[in-house]
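The values are calculated or read from the model by the stated rules, or taken from the named source; none is laboratory data. Bear in mind the structure is a predicted one, so any value in this text is a computation, not a measurement. In this analysis, Cβ positions are derived from the backbone assuming ideal geometry, glycine residues included, and neighbour counts consider all displayed protein chains.
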């Protein structure tokens, strides 16, 4: 059985598996599947994310983490999804 929490976190492929890197070069991620099993909605999902982040950063250009990156609370390992429980931010 495959562990879905391990997807996109292979240390031999990604140099910083526990960090979000928006400037990361292209990589063979498996988020949207591959080949005949590729997600049909992947292009619209990518477009929505680009619009979301560009709009958010344009409207709140001073948004910053309210805590040190290592203090961002993560979901427990027993959840179905991996990532922060929430992201505390501040802006002026």
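Values computed for the structure shown
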{"item": "Residue match in region 14-23 (condition: in a helix (DSSP H, G or I) and at pLDDT below 90)", "result": "no"}
{"item": "Region 78-89, residues that are loosely packed, with under 11 Cβ neighbours inside 10 Å and more than 16 Å from the chain's Cα centre (by Cα)", "result": "78"}
{"item": "Filter result (free of Cβ contacts under 8 Å to residues at least 24 places away in the same chain and either under 17 Å from the mean Cα position of the chain (by Cα) or closer than 26 Å to residue 32 by Cα (or both)) within region 54-68", "result": "54, 55, 56, 57"}
